Amino acid sequence: MTVTDRAFALELDANDPLARFRDQFVIADPNICYLDGNSLGRLPKKTIEVVNDFLIKEWGAQAVEGWSHWIDEAQRTGDLIGRATLGAAEGQVLACDTTSVNFFQLVGAALAARPGRKTIITDAANFPTDRYILQGLAERFGLNLITIDNESAGGAEYERITPEILQPYLSDDVAFVTFEVIQYRSGARTDIKAITDLARSYGALTIWDASHAVGAIEMDFDANGVDLAVGCTYKYGNSGPGAPAWFYVNKSVQSLLQVPIQGWFAQADQFEMGAIFEKSNSIRGFQIASPSIVGLRSIQCAFGMIEEASIEAIAHKSAQGTAMMIDLYDAWLADLGFTLNTSRNPSERGGHISLIHPEAKRIAVALRQFANVIPDYRAPNSIRLAIAPLPTSYVEVWDGFQRLRDLVSTRQYEKVSVEGSRVT
Ligand SMILES: Cc1ncc(COP(=O)(O)O)c(C=O)c1O
């Protein structure tokens, strides 16, 4: 049996210790191959119950009295995210706000912690919100923003930042470097320990954006000596559109850092309502304001499932599922004008792969319109395809690839227009 036999995928499912989780998600149309869990995860059935219970039994029944037990939920939920997915001991993760706000906060804190240093480093393939926030701050504070070119030919293999690529840009003027753990477009995985250690040898902090990594791979933040990180919960975290994001501040640097938005939740004695700000010496010292309890409940539900499944088993399925995708690419897609834009080495990728095609945009739209396959398109020419280890089966991925092959070989995608949608 080879990968091009559907039985190959069915056998992987039969031996998959995580297969039982698929039934715990809402799968409204079983004919759809949902390969976009790297963008928005599916809805766990239990979340409907948990959120509904919260609305009726807590907000409805308790009204303001509820705050007595809701008040520290951002910390408790952060601990769960840290334990289930990040390899972080308690007291270092907070679930709150958006990835963008959390990134701004940590960037501001890192800058202030390295007074006199004027250089900050990122890469061209980094997610837009991170690059735009850095550009704005660089302009406002007269910083030297270095953007490593890892997009042009010869810049970096699959956009992957390595210590060799970073080294020439480092100096004792660098306050921090910031990269994605997994590149949003190509799916390249960066070696977080090697980069963090290298930056630290120049006295610089490292801020990781783990949005595309959390819930797909093991990161071992504490063991790898990570300083700072942010990420979302709505991709492989399955916590819903706009659910609160998270950030991680290693215990060893917490007392040295002060975020720029110094809100009331960070105050040591919050309800004294005192005249002068005094930062709490727990992770709450980084919290701005009232958390969204509805959002936190859906995180608790979805990350509870991840904890039960174990991030180790999840990472194994990400590696095996993406390996199957790459084998199917070799067998079916390489001759149809596609180029693989993700490493063949499982330790250099996460839960999604990226395929480049000159007609990528039209193909992505046509897959939805004609083939019941949901991928996503990222400018200028790539299609991303993911296996979300809890809700996605191997055969769902296999069927999606077969439909992709058929759609492109029959040139059906030529029938679609790409105008219209603001979201790709
Ligand atoms: C890598 C990365 N960083 C940041 C963001 C932005 O997240 P948010 O809208 O929660 O600020 C995203 C969104 O997809 C992302 O993929």
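Given the criterion surrounded by 18 or more Cβ atoms within 10 Å (Cβ to Cβ), within 16 Å of the ligand (Cβ to nearest atom) and not acidic (D, E), identify the matching residue among T129, T119, T85, T98.
On the way: T129 fails: surrounded by 18 or more Cβ atoms within 10 Å (Cβ to Cβ); T119 fails: within 16 Å of the ligand (Cβ to nearest atom); T98 fails: surrounded by 18 or more Cβ atoms within 10 Å (Cβ to Cβ).
Criteria check complete, one pass: T85.
Please go through segment 200-214 and pick out each residue that is away from the ligand (no atom under 16 Å from the Cβ) and buried (at least 24 other Cβ atoms within 10 Å of the Cβ). Step through it out loud before you land on a result.
Pass one, segment 200-214, residues away from the ligand (no atom under 16 Å from the Cβ): 200-205.
A204, L205, listed by residue number.
When you go through I299, I326 one by one, which is the residue that is buried (at least 16 other Cβ atoms within 10 Å of the Cβ) and assigned by TED's automatic domain parsing to the domain that holds Y248?
Values: I326 fails: assigned by TED's automatic domain parsing to the domain that holds Y248.
Within the list I299, I326, the selection yields I299.
Scan (1) of a type in the set (V, I, T); (2) in contact with a helix residue (DSSP H, G or I) (Cβ under 9 Å, 6 or more places away or on another chain); (3) surrounded by fewer than 15 Cβ atoms within 10 Å (Cβ to Cβ) for the single condition T77 breaks and write down its number.
Failing condition for T77: (3).
Within segment 291-340, which residues are outside any helix (DSSP H, G or I) and more than 19 Å from the chain's Cα centre (by Cα)? Walk me through how you get there before you give the answer.
Step one: filter segment 291-340 for residues outside any helix (DSSP H, G or I), giving 291-292, 310, 337-340.
Residues satisfying the conditions are P291, S292, G337, F338, T339, L340.
Working carefully through the options Y234, Y184, find the one that is at pLDDT 95 or above, within 12 Å of the chain's Cα centre (by Cα) and either away from the ligand (no atom under 15 Å from the Cβ) or under 22 Å from A313 (Cβ atoms) (or both).
On the way: Y184 fails: either away from the ligand (no atom under 15 Å from the Cβ) or under 22 Å from A313 (Cβ atoms) (or both).
Criteria check complete, one pass: Y234.
Any residue at all in segment 412-420 that is closer than 17 Å to D36 by Cα and not small (G, A, S)? First the steps, then the outcome.
At the first step, the residues of segment 412-420 found to be closer than 17 Å to D36 by Cα are none.
Within segment 412-420 (the criterion being closer than 17 Å to D36 by Cα and not small (G, A, S)), the answer is no, since none of the residues qualifies.
Taking interchain pairs and intrachain pairs at least six residues apart, which have beta carbon atoms under 8 angstrom, with the first residue in segment 87-100 and over 18 Å from P244 (Cα atoms) and the second more than 16 Å from the ligand (Cβ to nearest atom) and among the aromatic types (F, W, Y)?
What qualifies is G87/F221; A88/F221.
Name the pairs whose Cβ atoms lie under 9 Å apart, with the first residue in segment 1-18 and more than 20 Å from A309 (Cβ to Cβ) and at pLDDT 95 or above, the second loosely packed, with under 11 Cβ neighbours inside 10 Å and not polar (S, T, N, Q), and 6 or more positions between them or separate chains?
Short answer, once both residue conditions are applied: A7/M1; F8/M1; E11/M1.
Is it fair to say Y236 is aromatic (F, W, Y) and surrounded by fewer than 24 Cβ atoms within 10 Å (Cβ to Cβ)? Please lay out each step first, then the result.
Values: aromatic (F, W, Y): yes; surrounded by fewer than 24 Cβ atoms within 10 Å (Cβ to Cβ): no.
It is false that Y236 is aromatic (F, W, Y) and surrounded by fewer than 24 Cβ atoms within 10 Å (Cβ to Cβ).
The values are calculated or read from the model by the stated rules, or taken from the named source; none is laboratory data. From a predicted model like this one, the values you see are computed outputs, not experimental measurements. Backbone-built Cβ (ideal geometry, glycine too); neighbour counts: all protein chains shown.
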